[in-house]
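Coordinate-derived values only; no laboratory data. Fair warning: this is a prediction, and the values are worked out from it, not measured in the lab. Heads up, the Cβs are rebuilt from the backbone with ideal geometry, glycines too, and the neighbour counts pull from every protein chain shown.
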Amino acid sequence: MIRENSDVILSVQDLVAEVEGTEILKGVTLKVRAGEIHTVMGLNGSGKSTFSKVLAGHPDYTVTGGTITYRGQDLLELEPEDRARAGIFLAFQYPLEIPGVSNLDFLRVAYNARQAHHGHEELDAFDFDELVRDKLDVVKMDASFLGRSVNEGFSGGEKKRNEILQMALLEPTLAILDETDSGLDIDALKIVAEGVNQLATPDNAMLVITHYQRLLNYVVPDYVHVMAGGRIVRTGGKELALELEERGYEWLSDVAEATAR
Amino acid sequence: MTTPVISTESGVVLSVAAQRAAGLQRLLEVVRSPRSTLPQLDALRQQAADQVMQQQFPTTRDEEWRFTDMSPLLTLALHAPPEQPILALDAIAPWVLSDAPVRLVFVDGAYAPSLSVVENLPASVTVGALSDLPQADDWVAQIAQQPDRDELFTALNTAGMTDVAVVSVPRNIAVATPIHLLFIVTGQQTLATTPRCLVIAESGSAVTVVEEFASLSQAAQFTNSVTEVSVDENAQVSHIRVQQENDATIHMGKTVVSQGRDARYIGHVVSLGGAIARHNLHIHQTGEQTDTQLNSLTYLAGQQLGDLHSAIALNHPHGRTNQLHKTVVGDRAHAVFNGKVFVPQPAQHTDAAQLNRNLLLSPKARVDTKPQLEIVADNVKCTHGATVGQLQADEVFYLQSRGIDAASARRLLVYAFACEVLEQIPVESLRQRLVQSISQAVA
């Protein structure tokens, strides 16, 4: 939902970032306001996944230029855990398996880290159990998932639903979904999309990174950005996604090369 | 295998070999100096002493000892345990297991009846110190009957044993509660102790035994233990071995298990202590369709060395074995694993799996791992794997991205890695205590 005067949640200006000496992001500029859903699309290697990891603070990526301001604060000064506590959530493209840690314990530790950061009361195992059971409905997950090790032995769809469950619990201000739709069958995709739609409020914002237009049949974006060659080369409304579906990305890659010169 | 060549090498080699021989002689004398109140053991002791003196003290040139240098043992100023100190129950309270009410406690190598509890057992079940049991002769006849009894440290134990912890369960009896065997060393001096256990599960019986080694002081010790386990036809033994001695101690441990037809042995081994801690774990299959589960964790820090040498010798069809050995190695510590599995021609339809996973927490930490499967039988399923790794940056980042700080994230991951082994320990109070130990260690 676009509202002219809503708060700016994220402002990215001329962001340049590299991994192991290779420059991947070459000047990304983007502004996200409260209530908005933004989609970033692009081919593999266009830099869209790197962009999500830089926002969350992955240590492998080095920012060499530009600024990221999150709710008026310099995001680059914050450690990944502090970004998370301040309300940034990254749903991973490939969620990690953590054998030996139960999903329930993991969710509780993460929830309580955020509670402590905000000076709120931490929940004990009993109260947390009640809270998490309410949230299970968001992603139509069975309670038996809570007793299993984090993501261990989960199918691809179950891992992605588990990411959305974490998002439901942590109630982020800025949710970044990194190809959450990739590799999902249509039923799992619907569940994930419905989860995302339920969690969208006028006070938060979402950055949905995707390779496929398909997700946008279920999650309707306010803005569609196309990345190519480490830049956002075009921004439009949801109709841009449809145009991409018809015409492919090549014509935009040409635009990117032209602007790089 | 290297044999020291005395004639052609320099005099230095000769003198080192001579020093080792003299050191072994001294070691044998110290170990044998405590008198046993059981004359029935004399013949076994003497025979074993002779076996010891026919052997050479191992060096790192011996393949079996390549990464584990035992020579510091020869420089320890060892003493035989003096008169047994009188301990109050409070002193051993940290080790008391609420769900293992039957226990035998040995303090500085000697049986401590006032700390032990032997009650509420089925009348036919024997749990006790040999020195305290009627008809000791019957039990003596079953001691030192397992293969590999002439191996140096095993023979050294037999040569010096003064008493034996005996657990024997007759046919078709299942013992409901775990039996706890606790060997605790109090010494301010550098003591040599010789713990010895005999576990017999007759056909169709079932028992859980916790064998535990602990220190009350920080003084260096030498513990040289041997445990013989006999699992008869269709019986089940669940055996948890915990070594948590102080970090100055040299610990030699031997577990030797014989499994009859359809017998099940579940071994859990947790090794946390010792400056040098070596555990030889040998399984011998004496009938078909045995099931062997080995589940072990070695957690090392500082300058510790922890070595597990396991050997599973199959010799009959339809055996199943599943082994998981994990190590967590920090600081400058060093973990060693050698896992032998022998599958000769008669052992058709064997299903054997072995996995060794090592987690290095520091750049100076070291792991030497050697899975060693010797397979002759042609219709078998045998798998093995060994991994050595550090905590992955991606794993830490995943937890950080959920608001967990980096240090806590690392702790959680190490803890989770170790707990995969601990989770399987079937004695709740012991499992909780070990989980506590690990979470303190990773803090």
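Computed values, structure above
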{"quantity": "Global form of chain B, assessed from the alpha-carbon gyration tensor, a/c cut-off 1.5", "calculated": "rounded"}
{"quantity": "Theoretical ellipticity at 222 nm over chain A - DSSP helices of four or more residues, -39500 (n - 2.57) apiece, nearest 500", "calculated": "-11000 deg cm²/dmol"}
{"quantity": "Peptide A:75-82, shielding by other chains (average Cβ, 10 Å cutoff)", "calculated": "4"}
{"quantity": "Near-label residues of the range A:25-53 by backbone N, under 17 Å of a point 7 Å along Cα→Cβ of residue A:182", "calculated": "A:25, A:39-53"}
{"quantity": "Two-site FRET efficiency, residue A:31 against residue B:384, from Cβ-Cβ distance with R₀ of 56 Å, rounded to 0.05", "calculated": "0.50"}
{"quantity": "For the range A:38-160, the spread of Cα positions along each principal axis, largest first, Å", "calculated": "46, 37, 27"}
{"quantity": "Gyration tensor (alpha-carbon) shape descriptor, the range B:100-218, a/c threshold 1.5", "calculated": "oblate"}
{"quantity": "Stokes-Einstein D (µm²/s) once Rh is taken as the Kirkwood radius of the range B:347-416 over alpha-carbon pairs, at 37 °C in 0.692 mPa s", "calculated": "220"}
{"quantity": "Distance in nm between pseudo-label sites at residue B:99 and residue B:189 (7 Å out along the Cβ direction from Cα)", "calculated": "4.1"}
{"quantity": "Paramagnetic reach from residue A:242 (point 7 Å along Cα→Cβ, amide N under 19 Å) across the range A:1-29", "calculated": "A:1-2"}
{"quantity": "Nearest-ten-degree value, helix A:103-117 long axis tilted from longest Cα axis of chain A", "calculated": "70"}
{"quantity": "Largest to smallest principal axis extent of the C-alpha atoms in chain A, angstrom", "calculated": "59, 40, 39"}
{"quantity": "Net charge dipole size for chain B [Lys, Arg +1 and Asp, Glu -1 on Cβ; Debye, nearest 20]", "calculated": "880"}
{"quantity": "Nearby aspartates and glutamates by direct alpha-carbon distance to residue B:326 (threshold 17 angstrom, same-chain neighbours under 8 apart not counted)", "calculated": "B:307, B:368, B:420, B:423"}
{"quantity": "Square roots of five times the Cα gyration tensor eigenvalues for the protein assembly as shown, Å", "calculated": "61, 27, 24"}
{"quantity": "Pair-distance profile P(r), taking every C-alpha pair of the range B:22-89, with 10 angstrom steps and integer %", "calculated": "16, 37, 31, 14, 1"}
{"quantity": "Kirkwood estimate for the range B:196-238, i.e. one over the average of 1/r between Cα atoms, Å", "calculated": "12.3"}
{"quantity": "Lys, Arg +1 and Asp, Glu -1 on Cβ, resulting dipole of the range B:250-307 about Cα centre, debye, nearest 20", "calculated": "140"}
{"quantity": "Kirkwood hydrodynamic radius of the range B:1-148, Cα pairs, Å", "calculated": "19.2"}
{"quantity": "Phi to ³J(HN,Hα) by Karplus 6.51 cos²θ - 1.76 cosθ + 1.60 over the range A:199-204, Hz, x for Gly, Pro", "calculated": "8, 6, 10, x, 9, 10"}
{"quantity": "Leading residue at positive end of dipole, the range B:149-252 (Cβ point charges), from B:177, B:193, B:229", "calculated": "B:177"}
{"quantity": "Stokes-Einstein translational diffusion, the range B:242-369 - Kirkwood Rh over all Cα pairs, 1.306 mPa s, 10 °C, in µm²/s", "calculated": "106"}
{"quantity": "Candidate lysines - alpha carbon under 30 Å from residue A:190, same-chain residues fewer than 8 apart omitted", "calculated": "A:31, A:48, A:53, A:135, A:140, A:159, A:160, A:238"}
{"quantity": "Exposure rule at most 13 other beta-carbon atoms within 10 Å, DSSP loop GluC sites (Glu not before Pro): chain B longest free segment", "calculated": "B:120-422"}
{"quantity": "Spin-label model distance (nm) - residue B:439 vs residue B:150, 7 Å beyond Cα toward Cβ", "calculated": "5.1"}
{"quantity": "Extreme residue, positive dipole direction of chain A, given options A:215, A:89, A:197 (C-beta unit charges)", "calculated": "A:215"}
{"quantity": "Cα-based Kirkwood hydrodynamic radius, the range A:113-251, one decimal, Å", "calculated": "16.8"}
{"quantity": "Calculated FRET efficiency for the pair residue A:148/residue A:116, C-beta based, R₀ 35 Å, to 0.05", "calculated": "0.85"}
{"quantity": "Cα-only Debye scattering, the range A:127-181: base-10 log of I(q)/I(0) at q = 0.13 Å⁻¹", "calculated": "-0.31"}
